[in-house]
Number of protein chains: 2
Amino acid sequence: MKKLTVAGIGAGNYEGLTVGAARALGEADVIVGYTVYCDLMKPYFPDKIWISTPMMKEIERCRLALETAEEGKNTVMICSGDAGIYGMASPVLELAPEYGVEVAVVPGVTAASSGAALLGSPLTADFAVVSLSDLLTPWEVIEKRLEAAAAGDFAAVLYNPASKKRADCLRRACGIFLKHRSPETVCGVARCIGRDGEETKLLTLAELEEYAADMFTTVFIGSSSTKLVDGRMVTPRGYRHEHA
Amino acid sequence: MKKLTVAGIGAGNYEGLTVGAARALGEADVIVGYTVYCDLMKPYFPDKIWISTPMMKEIERCRLALETAEEGKNTVMICSGDAGIYGMASPVLELAPEYGVEVAVVPGVTAASSGAALLGSPLTADFAVVSLSDLLTPWEVIEKRLEAAAAGDFAAVLYNPASKKRADCLRRACGIFLKHRSPETVCGVARCIGRDGEETKLLTLAELEEYAADMFTTVFIGSSSTKLVDGRMVTPRGYRHEHA
């Protein structure tokens, strides 16, 4: 049966690829992806056929990848971060039966993990991941999830915290957390993870409410037990004292 | 300044390592970890000094790693999955100031991502990660988080769904989700991800309540929009119709 591999490439640098994803890309005839991610990976796999499509053309991109695989070419579709988390594995799996193509998913390091590593260890214990993009999900659903994550004292990771059309969504999200958590709650942001201009910033929840995030930002909101340790954002492993 | 690297190794096979983690291990003088993870990685890095400690000796293990780094040896501490998510980055960061050792965290692919890839794409949209282990967190806190995740219609990943002492915690967790979700909710489990005996199983929430999980199992509970597509567990990217 013809096969399409959907692979997460991590943050976008070579170091962030898994060995398995690097092998899949190395063995591919054709690599399909969003223009920006293709440009990040091309230098490492220059001898491939690259097919890139712009943002917002996701379904078209999935169909292109499936058609290429259907033609018998060894095809890999790349996603930033993990292939599953806000990635293309889902639409590819939904469309695949139309093409008679088998789908293999190769996981990758999502921004929750790579951003957390830069900040310290904010996600040591239970956490929730919420996208603030209302392109595919109504804002009321997003708000309900933020409310639940805040009420449950989850550490939270916010993906897509800004766009031109949704300038105030991070402010609104922080407002929800401030109903349940102290304004001094330890928060952090990571920008351009693994790419040129990579930077992090630690701030309080009150400061985060005023922060101007952009589409390259991943936001981390601490739980009630998250603290600053020597300039790092650290959530302890549990509530019980464990130091030996 | 002396440096200790805390690296996530992913599921435990070579393919699941990131290129960055493989490089860190390749450059290390000493590798410190839990016995099981050391045994998984030793074949790929046979020429290293390995220091392994049993489970439950985590703080001792962190101190050993920090002492080794303090002696000027290039030291890497390994964690399964990601270094931050239920990993050792947090206690190492907390203890490091006592030793004057700088800590670098290298992220890895956590079981939420690697298990999801085997099942399909259950975590496409917002999700919550909860550990059912009450060793470090009181069960009331865990229950509150499960309640919040269920109420917020998050897809959920449950780590540590069983142990000898806590035989019924998965049943109790499912009971909480069943208050908010249909017994037909699509769920899945992944066992021994990336290791010998790797297996997955799709089941309903009602069936999951009766499932005998063990300590090698990661559990996935679908959101209200998760569905079965050709034998895979798939959560669509959003609530809006996007097929082109």
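The values are calculated or read from the model by the stated rules, or taken from the named source; none is laboratory data. Everything numeric here is computed off the predicted structure, so don't read it as measured data. Reconstructed Cβ throughout: ideal geometry from the backbone, glycine too, with neighbour counts over all protein chains shown. Ligands, DNA and RNA are excluded from the accessible area calculation, which covers all protein heavy atoms including side chains. Shrake-Rupley method; radii C 1.70, N 1.55, O 1.52, S 1.80 Å.
Things worth noting here:
- Test: residue in segment A:72-79 that is within 27 Å of residue B:127 (Cβ to Cβ) and surrounded by fewer than 24 Cβ atoms within 10 Å (Cβ to Cβ): no
- Options A:118, A:93, A:123; residue that is open to solvent by 30 Å² or more (accessible area, probe 1.4 Å), out of contact with any Cys (no Cβ under 9 Å at 6 or more places or on another chain) and not acidic (Asp, Glu): A:118
- Sole exception among (1) touching a Leu at 6+ places or on another chain (Cβ under 9 Å); (2) more than 8 Å from every other protein chain (Cβ to nearest Cβ); (3) open to solvent by 30 Å² or more (accessible area, probe 1.4 Å) for residue B:49, by number: (1)
- Flag if residue B:234 is farther than 30 Å from residue A:61 by Cα, open to solvent by less than 10 Å² (accessible area, probe 1.4 Å) and either within 21 Å of the chain's Cα centre (by Cα) or in contact (Cβ under 8 Å) with a residue 24 or more places away in the chain (or both): no
- Within segment B:16-42, the set of residues being open to solvent by 30 Å² or more (accessible area, probe 1.4 Å) and part of a helix (DSSP H, G or I) comprises B:23, B:26, B:27, B:35, B:36, B:37, B:39, B:40, B:42.
- In segment B:74-168, counting only strands (runs of 3 or more DSSP E) that sit wholly within it, the ones holding 2 or more residues that are farther than 21 Å from residue A:146 by Cβ, more than 7 Å from chain A (Cβ to nearest Cβ) and aliphatic (A, V, I, L, M) span B:75-79, B:101-106.
- The one condition from (1) touching a Phe, Trp or Tyr at 6+ places or on another chain (Cβ under 8 Å); (2) open to solvent by 10 Å² or more (accessible area, probe 1.4 Å); (3) at negative phi that residue B:86 does not meet is (3).
- Residue in segment A:165-188 that is modelled with the lowest pLDDT, counting only those that are aliphatic (A, V, I, L, M) and closer than 20 Å to residue A:134 by Cβ: A:167
- Verdict on residue A:9 being touching a His at 6+ places or on another chain (Cβ under 9 Å) and open to solvent by less than 20 Å² (accessible area, probe 1.4 Å): no
- Residue match in segment A:11-29 (condition: away from chain B (no Cβ under 14 Å) and either among the polar types (S, T, N, Q) or in contact (Cβ under 8 Å) with a residue 12 or more places away in the chain (or both)): yes
- When residues of segment B:169-197 are limited to those that are part of a loop (DSSP other than H, G, I, E, B) and of a type in the set (Lys, Arg), the one nearest to residue B:116 (Cα to Cα): B:195
Conditions (1) closer than 27 Å to residue B:39 by Cα; (2) within 16 Å of the chain's Cα centre (by Cα), marked per residue:
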residue: B:83; (1), (2): yes, yes
residue: B:89; (1), (2): yes, yes
residue: B:101; (1), (2): yes, no
residue: B:104; (1), (2): yes, no
residue: B:111; (1), (2): yes, yes
residue: B:126; (1), (2): no, no
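- Qualifying position, being surrounded by fewer than 14 Cβ atoms within 10 Å (Cβ to Cβ) and either under 25 Å from residue B:37 (Cβ atoms) or of a type in the set (A, V, I, L, M) (or both), among B:206, B:212: B:212
- Taking segment A:47-105 as the range and being charged (D, E, K, R), touching a helix residue (DSSP H, G or I) at 6+ places or on another chain (Cβ under 8 Å) and free of Cβ contacts under 8 Å to residues at least 24 places away in the same chain as the test, only A:48 passes.
- Boolean, residue A:67 is within 13 Å of chain B (Cβ to nearest Cβ) and open to solvent by 30 Å² or more (accessible area, probe 1.4 Å): no
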